[in-house]
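First comes the structure, then the notes that go with it.
All of the numbers you see were taken from the coordinates with simple rules; none came from a lab. Keep in mind that this is a model prediction, so the values were computed, not measured. Using ideal geometry, Cβ is built from the backbone for each residue, glycine included, and neighbour counts are taken over all protein chains shown.
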Amino acid sequence: MNVYDSHRMADTLAPAGFMETSNPEDADLVILNTCHIREKAAEKIYSEIGRIRQIKEAAARDGRQMMIAVAGCVAQAEGKEIIRRAGAVDLVVGSQNYHRLPQMIARVERGEKIVDTEFPVEDKFEILAAPKRDAIARRGISSFVTVQEGCDKFCTFCVVPYTRGAEISRPVEKIVAEVERLTEAGVCEVTLIGQNVNAYHGHDRDGRPATLAKLLRRLAQVRGILRLRYTTSHPRDMTDDLVAAHAEVPELMPYVHLPVQSGSDRILASMNRKHTRGTYLDVLARLRAARADLAFTSDFIVGFPGETEADFRDTLSLIDEVGFAGAFSFMYSPRPGTPAAEMDQVPQEEKSERLQRLQAVITRHQRTFNAGFAGRTIDVLLEKPGRLPGQLVGRSPYLQAVQVMAPSKLIGSIQRVTVAEIGTNSLFGVLESPVPVLAAAGA
Ligand code: SAM
Ligand code: SF4
């Protein structure tokens, strides 16, 4: 979501004459777009500000003004505390106020310091500038589109309901228009983004409520769309129509990221997850019944307050029972203001030891999953040049990176590729046919 937000910020500032640069020394404005989900991510921001401050001071010695802005969820959560702790920061902008950036920056240029973390009444998605065609093309053939933001679920460990606010869904037609603009500029894969994307409940053109499944079916009809994905889902919101969409919409990829967090019912209850191990497994069974080749990935938290060795083993046994294709795993990180931060904490060494054990089990399953592709011919959407001359990198339907020798004109097309070798982080394949199976409109 921060990738998507960063693009929207750049698009909103483009009419004011700002262009993107990857080199902070060249910049008149540096925006640090931050994440507050775990303490490590939040703390990293202060060391980064220290580094940028030196560049700002060097620019000032050359008589040039450089502005530093902090955006995102750390900005939302810490507000003016950021300027108190790091005086080099000129602007703190919460995740709901990016549409106001041009006005705020004009004031900073006149020497003001600004903190804007109010939840606004207006809809930022309505006002944020649309990307220009060349900006879309520069960003590649696969794009994120935020369709839902915020969360009303209040898991006891999580800051999202506080930093991103209540759950909102964008209207169907606005999303369709955005996706059409992307495909016209060469995008052929779209990943719909939301903290609880499958809780999507936007309105269609006639004002009727639309589910994520309905939205996906509508987007599958957009000319140039080859692949659709969505992330991140909550097990409670995996409705029957979304399950059916996996069986019926060919553009929808057979890959579902469905965070479970823990395999212990006691811990899931304490996390206020609103699902149990059993109901989670039922959701996977419904999905598998709709489409047998679905791959699942998940998120896990180890060392949640009160987690015993027996609870942790329940998590390991769940991983073995499901056989996930991959997972993100984290040590529990107490977040100020959330209920779990006040509970009895698991010692750091135990968390760290459990994380290592958990990651070893996940890696074993990931390797088994990837090994199953040796010798198989799969559809690969070719995305960009690889590291070697003449090589392209693409993605399998299951989001595995696939390296293949192929001409760059095939970027943006789906090709049949036979997997010849399984690497640690990617598959290596051989192109079956030099003729594009499907070509994206405008790609
Ligand atoms: N909405 C998704 C869900 O309910 O499964 C998760 C979205 S959250 C932004 C991404 C992941 O960060 C979570 O699935 C969880 O594993 C992890 N996470 C959130 N808060 C955390 C915390 N306090 N400590 C460690 N990991 C955390
Ligand atoms: Fe956070 Fe996801 Fe729980 Fe919402 S459902 S509070 S985003 S972990």
Choose one answer from Ser333, Ser408, Ser262: the residue with the largest mean-square fluctuation in a GNM of the chain with alpha-carbon springs under 10 Å.
Ser408
Lone Cys, the chain, Cβ cut-off 4.7 Å -> Cys35, Cys73, Cys151, Cys188
In µm²/s, what is D for segment 316-443 at 10 °C and 1.306 mPa s, where D = kT/(6 pi eta Rh) by Stokes-Einstein and Rh is the Kirkwood radius from Cα pairs?
93 µm²/s
Percent of all alpha-carbon pairs of segment 182-276 at distances over 23 Å, whole number, is 32 percent
Expressed in angstrom and ordered largest first, the alpha-carbon extents of segment 370-414 along the principal axes are 28, 19, 15
Any idea what the relative contact order of segment 128-253 is, in percent, if you count C-alpha pairs under 8 Å spaced at least 6 apart?
26 percent
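I need the fraction of alpha carbon pairs in the chain separated by more than 38 Å, rounded to a whole percent.
Details: 26501 of 97903 pairs.
Counting pairs separated by more than 38 Å, the tail of P(r) holds 27 percent.
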Among Gly306, Ala41, Gln221, which residue has its Cα furthest toward the positive end of the charge dipole of the chain, with +1 on Lys/Arg Cβ and -1 on Asp/Glu Cβ?
Gln221
Looks like segment 31-93, by Cα gyration tensor root eigenvalues a ≥ b ≥ c and the a/c under 1.5 rounded cutoff (else prolate when a/b is bigger than b/c, oblate otherwise), is prolate
Which lysines, if any, have their Cα less than 27 Å from the Cα of Lys214, not counting same-chain residues under 8 positions apart?
Lys124, Lys153, Lys174, Lys274
Could you pull out which residues in segment 11-45 have an amide N less than 14 Å from a spot 7 Å beyond the Cα of Lys132, following the Cα-Cβ vector?
11-21
Over the chain, what is the relative contact order in percent, taking alpha-carbon pairs closer than 8 angstrom and at least six residues apart?
11 percent
Most fluctuating of Gly111, Gly94, Gly323 in the GNM of the chain (C-alpha, under 10 Å) is Gly111
Stokes-Einstein D for segment 217-357 at 20 °C, 1.002 mPa s, Kirkwood Rh over Cα pairs, in µm²/s?
131 µm²/s
State, as an integer percentage, the relative contact order of segment 1-135 based on alpha-carbon contacts under 8 Å between residues 6 or more apart.
26 percent
Of all chymotrypsin sites (Phe, Trp or Tyr not before Pro) in segment 63-171, which ones are in loop regions per DSSP and have a Cβ with at most 14 other Cβ atoms within 10 Å?
Phe154
